[in-house]
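These notes concern the structure reproduced below.
The values are calculated or read from the model by the stated rules, or taken from the named source; none is laboratory data. Not measured: the values here are computed from a predicted model. Cβ placement follows ideal geometry from the backbone for every residue including glycine, while neighbour counts extend to all protein chains displayed.
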Amino acid sequence: MTTAIRLQAIKANNMEDNIKGAVRRALKNISRQHNQNNPKQKTTFLAVEMTYESLCGTPQERIKQIREHLSGKAEQRKKEAEKKGVNYRGAEVRAAGKPMVLEGYAALYNEVTNLGSFEERIAPGAFAGRLEDDVRLLLNHEGAPLARTKNGTLKLEDDDKGLFYRAEIIDTQAGRDLYAMVQRGNITQSSFGFTIEEQEIDSDGVRVINKVGRLLDVSPVTYPAYEATEVHARKEGTTQELEDSAS
């Protein structure tokens, strides 16, 4: 190794260390400020750091997401969407090689889920007519699309089990981060954003969604409403799950 190459490697390592140090200082400041402003809803530096590691994007983008989460802005946006009739539910997802492919079930039929104040299930056929919607693949229902049905990078299929999706993830930092987290098993479940057109209450008191009005997005998620859902990384052109050693 030449002297010039050694110097470049040292500079790169120093820069990486500087970024890590700056991130840790920023996260400590965020947790300290949050606790000062919210003494009844305190967090810890460890919790903030773990949240940072689970997010996609550049350090600046991750820090922005944490600030929005702690400030309640992200939850407020979700509540505003729900007031307009948008619902979010969960299912399953897997990951692949180059190109990076995620696949899984965004929704499962006849899986009764407790949503707190009521129980709900999705009836087979609820997505009829919705596979042609302009649907985005997001992370946690937020951010820029990582795949989309309109350009053919996101494909949907309605089968006997539920709503299956297959997405070729864009090769950006956010896309690579998401793929790595699914491949590693940090994120294993999915969700979907939708509006309801037809519903009923069955004999067991369970709300049944018979027809989805609009299908807005499918999203790998940290915490799904439907625990049975999954997401997986897949090798392009096969159904073989990637081993960690293949990364």
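Odds and ends about this structure:
- Subset of the range 151-192 that is closer than 15 Å to G104 by Cβ and among the acidic types (D, E) - its residue that is surrounded by the fewest Cβ atoms within 10 Å (Cβ to Cβ): D159
- Any hit, the range 193-200, residues being in a loop (DSSP other than H, G, I, E, B) and either at pLDDT below 90 or farther than 21 Å from R77 by Cα (or both): no
- Filter pass, A26 being of a type in the set (G, A, S), in contact with a helix residue (DSSP H, G or I) (Cβ under 9 Å, 6 or more places away or on another chain) and modelled with pLDDT of 80 or more: yes
- Subset of the range 118-144 [crowded, with 18+ Cβ neighbours inside 10 Å and outside any loop (DSSP other than H, G, I, E, B)]: E120, R121, I122, R136, L137, L138, L139
- Within the range 98-117, the set of residues being crowded, with 21+ Cβ neighbours inside 10 Å and closer than 20 Å to R214 by Cβ comprises Y105, A106, A107, L108.
- Looking across the range 126-160, the residues that are of a type in the set (S, T, N, Q) and in contact with an Asp or Glu (Cβ under 7 Å, 6 or more places away or on another chain) come down to T149, T153.
- Checked against (1) in contact with a helix residue (DSSP H, G or I) (Cβ under 6 Å, 6 or more places away or on another chain); (2) touching a residue at least 40 places away in the same chain (Cβ under 8 Å), L146 passes all but a single condition, namely (2).
- Residue count for the range 112-140, restricted to those that are hydrophobic (A, V, I, L, M, F, W, C), more than 21 Å from the chain's Cα centre (by Cα) and modelled with pLDDT of 90 or more: 4
- Residue within the range 219-227 that is modelled with pLDDT of 90 or more and either surrounded by 16 or more Cβ atoms within 10 Å (Cβ to Cβ) or touching a Leu at 6+ places or on another chain (Cβ under 8 Å) (or both) present: yes
- Residue in the range 169-190 that is modelled with pLDDT of 90 or more, in contact with a Phe, Trp or Tyr (Cβ under 8 Å, 6 or more places away or on another chain), in the same structural domain as T113 (by TED's automatic domain parsing) and part of a loop (DSSP other than H, G, I, E, B) present: yes
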